Every structure is written in C-alpha cells, then in structure tokens.
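Read-outs throughout are calculated quantities, based only on the coordinates presented, and are distinct from any laboratory measurement. Since the structure is predicted, the reported quantities are computational estimates derived from the model, not experimental observations. With ideal geometry, Cβ positions are generated from the backbone for all residues, glycine too; neighbour counts draw on all protein chains shown.
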Amino acid sequence: MEWIAGGLAVLLAVAGLYIGVQFAFALVRSELRFHWGMDPLRPFLLRKIRPEHKQMLQEWCPYYVQLDREDRLEFEYRLALFIRNRDWNTRNQETLEDETVLRIACAAVQISFGFPALLFEHFRRIVVYPTDYRSRITGFRHQGEVNPSGLLVFSETALEMGYSDSMDGRNLALHEMSHALLIENESDNTETDFLEDHALAEMRLCFEHMRNEIEAGQSLLRPYAATNFMEFVAVSVECFFEQTRSLKQQHPALFKTMVELLKQDPGQRKFLGTTPGMRHSAVRTSFR
Ligand SMILES: [Zn+2]
C-alpha cells in the first residue's frame, strides 16, 4: 500500500509542477506581450509560415507584397497566430489545402492590421466546402457565411476566385471577415469594442446617404451593398482594399470613414492604430 501512496504523491507533485510551470509561462508571456510588445513564442510561430507559404502570398496577396520587411514579419506572425487558434474543418472533401487556410487567415489579418493583433476569438470554428453549398440555416446555396454563434463557412472555389483578380472589388474572404469583424466588436470577450463608435456612426450615415445611388447602380459599390448595413460595410471593405484609388476618388467621405474605422490607409501603407512594436503587445487571448 505504501508504494501506491508514494506513487500517487509523486504523480500529484509532477502534475502540480506541470500546471505551475504552464501558469507561470502564460503569466510571463502575457506580461511581456502587454508591456513590452514581445511574444516569446513569436519565433516559433514565424517558423510555421514556410517559404512556400510566403511564395503563395506573393502570388495572390498584393497587400502582403507591398509591406516593408518589418510589417511582413508582423503579418506572418499574425497569420500563424490566427491559424493556430482555429478549429479547421472540411465538408465533402478530405483534406484542406494550406493555400485555402492562408487565404482565409490573410483576409483576417489584412482587415485587422491597423489594430493590435486581433484573433477573432469569437470565431474559433471554420468549415470549408469544396464549392458552393446549401446552407443548413437558410436552405439557399451559399459561397460563404458568418454564423453569429462563432462559425465561419467558406467555399474553396469562391475563395480562390476572390483572390484571382485583386482589382475587381470582389473578395469572398474579405467580405465574410468584415462581417466577422463587426460581430467580434460586439462579442463578449477580450476583443470587444475596438471599433471607434464615431467611425461606425459615420459609416451608418454614409449608408443612408448612398443607399439609393447604390441601388440604382450608380456607385462603385455593387447593388448588393444596398441590402443592409452589414452588406454595405462588407462590399465597402472589398472595394477599400481592391479598388482603393477609385473608392477614394468616387466616394471620398466613405473612404475617409473607412480609414478611421479600420485604422489603416491601404493606399499609403499607413496603419494608424498602433506603432509596429505595439501591434502585437495587446494580444490578450489564450495562446497555447
Ligand atoms: Zn455578406
């Protein structure tokens, strides 16, 4: 009996030590990140984005291409952080291509690059179908959807199409991630309320002012943007990144508001929210 009690004591001591070390590491890491803008796991995460992944980004992500060296590293770090914190699933296909994962993560990082690293904590689960699919909720065929319960769904072919032309103002990943961004802003987690109220109010005003014009097909924004405020923001985001100059020329008030909303100006490579050192300093998410 004595050896059983001894064994149990050793087991408990080891488990306690393990939990203690994990806890101390998480504490030190969050302190380092929050006050010093450092993540001890950053080098480890950066290694996850391999040369072939960078090659893919260079082929279809002009946003990444135009970043300077420091911002590229930050972009790659955030990609890895986003990918690591997701539960990736497929439907009607066995494997999920790295390129598909990158396309989704790329849009998430791009749209939120003006903020301290956003992890879209609310959207832990991602499902990818090979092509468009019949939604279990609406019964209609979809190319992508954002379920407020915390699920993102994409069609692989539609994702690829979105990145095949970087200047047509259509990108499924950016569109869906902009819905996710608005929902994340309302979520009850550590990533709440990061969008400026005044910028959101301005966006609503832009929507009211532009709705008829959009509906009549007289705007750079396609008519779908007139459906409701969420779609207006999503279509605006697609044009903001893919038709930056045209949007600035044709809808200067909307463009200015979007710069304030997303804290970045893609035409000038300006990220207004934070300094580069601070961008990853305020990650307050579980990072295991
Ligand atoms: Zn939409």
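Some observations on this one:
- Hz values of 3J(HN,Hα) by residue in segment 202-218 - Karplus curve (6.51, -1.76, 1.60), Gly and Pro given as x: 5, 4, 5, 5, 4, 4, 4, 5, 9, 4, 5, 4, 5, 4, 7, x, 9
- Extending 7 Å from Cα along the Cβ direction at Ala13 and again at His209 yields two label points whose distance is 7.2 nm.
- Crossing angle, helix 69-84 versus the chain [Cα axis fit, 0-90 degrees, rounded to tens]: 70 degrees
- Radius ratio Rg over Rh of segment 43-187, counting only Cα atoms, Kirkwood formula for Rh: 0.94
- Residue-span extension gain [Arg91 to Met167] - 0.36 nm each, minus C-alpha spacing: 24.4 nm
- Computed over the chain, relative contact order equals 21 percent, with contacts defined as Cα pairs under 8 Å that lie 6+ residues apart.
- In Hz, Karplus ³J(HN,Hα) per residue of segment 157-172 (6.51, -1.76, 1.60; θ = phi - 60°; x = Gly, Pro): 5, 5, 4, 5, 4, x, 8, 6, 10, 8, 10, 8, x, 10, 8, 4
- Across Ser236, Ser166, Ser149, mean-square fluctuation computed from a Gaussian network of the chain (C-alpha pairs under 10 Å connected) peaks at Ser149.
- Only lysine pairs 8 or more places apart, or on different chains, with alpha-carbon atoms under 29 angstrom apart are counted in the chain, and they number 8.
- Segment 129-146 - phi-based ³J(HN,Hα) in whole Hz, Karplus 6.51/-1.76/1.60, Gly and Pro as x: 9, x, 9, 5, 9, 8, 5, 6, 8, 8, x, 8, 7, 10, 9, x, 7, 10
- Zone of Ala216's modelled label, taken as backbone nitrogen in segment 223-242 under 19 Å from a point 7 Å along Cα→Cβ: 223-228
- Contour minus Cα-Cα distance for Arg136 and Val21 (0.36 nm per residue): 37.0 nm
- In the chain, the DSSP beta bridges split such that about 45 percent are antiparallel, to the nearest 5.
- Two-decimal ratio, the chain, of alpha-carbon radius of gyration to 2.2 N^0.38 Å: 1.12
- Note that segment 198-270 carries a Kirkwood radius of 11.9 Å, evaluated over its alpha carbons pair by pair.
- If the segment from Trp3 to Gln249 were pulled out straight at 0.36 nm per residue, it would be longer than the present Cα-Cα gap by 80.6 nm.
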